[in-house]
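Asker: Sending over a structure as structure tokens; questions will come in a sec.
The values are calculated or read from the model by the stated rules, or taken from the named source; none is laboratory data. Treat the numbers as computed from the prediction; the structure is a model and nothing was measured. In this analysis, Cβ positions are derived from the backbone assuming ideal geometry, glycine residues included, and neighbour counts consider all displayed protein chains. Accessible surface areas use protein heavy atoms only, side chains included; no ligands, DNA or RNA. Shrake-Rupley method; radii C 1.70, N 1.55, O 1.52, S 1.80 Å.
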Amino acid sequence: MNTLHLTLHKKAFDVMTTGAKRFEIRKPSAWIKSRLFHKNGNPKTYEAVHFTQGYGKNRPFFMAKFIGFGEVKEKTNWEYSNGLVVETEPGDYMIILGDIITYKL
């Protein structure tokens, strides 16, 4: 399965496993661009996104269906019940997720 691997902080991980947050925002760094685009500039496609909470062995994870991604066009803020605040700027990347496929909490 063609899978994009990303790491999350605990607050983001928690709201994503409940289904309250169905996307991930990433700043337009060279690293994320290398994960989202081929060297020729064409977008990559994935079947799933594998998220882990933090680093190290035996960390919680979940895998969700990859729907697609796009650039954020305007500044936006989302606030979640656990205190997580997600702020976007134009040019950030939004990775859109489908249902959770598997997990280990």
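Asker: What about Tyr103, is it aromatic (Phe, Trp, Tyr) and more than 16 Å from Lys21 (Cβ to Cβ)? Give the derivation first.
Answerer: Details: aromatic (Phe, Trp, Tyr): yes; more than 16 Å from Lys21 (Cβ to Cβ): no.
Taking the combined requirement at face value, the residue does not satisfy it.
Asker: Would you mind telling me which numbered condition in (1) over 20 Å from Met1 (Cα atoms); (2) of a type in the set (Lys, Arg); (3) exposed (fewer than 14 other Cβ atoms within 10 Å of the Cβ); (4) at pLDDT 95 or above Lys44 fails?
Answerer: Single failed check for Lys44: (1).
Asker: Still on this model: Taking the stretch 50-70 as the region of interest, how many residues are without any contact (Cβ under 8 Å) to a residue 24 or more places away in the chain and open to solvent by 50 Å² or more (accessible area, probe 1.4 Å)? Steps first, answer last, please.
Answerer: Within the stretch 50-70, the first condition is being without any contact (Cβ under 8 Å) to a residue 24 or more places away in the chain, and the residues that meet it are 56-59.
If we keep only those that are open to solvent by 50 Å² or more (accessible area, probe 1.4 Å) as well, we get 57-59.
Result for the stretch 50-70: 3.
Asker: Starting from the stretch 6-31, keep only residues that are basic (Lys, Arg), then list their pairs with residues that are outside any loop (DSSP other than H, G, I, E, B) whose Cβ atoms are within a distance under 6 Å, requiring at least 6 positions of separation or different chains.
Answerer: Lys10/Gln53; Lys21/Val15; Arg22/Leu97; Arg26/Ile32; Arg26/Tyr93
Asker: Oh, and also: Please specify each residue of the stretch 1-58 satisfying the condition of being under 24 Å from Asn82 (Cβ atoms), assigned to a helix (DSSP H, G or I) and among the aromatic types (Phe, Trp, Tyr).
Answerer: Phe13
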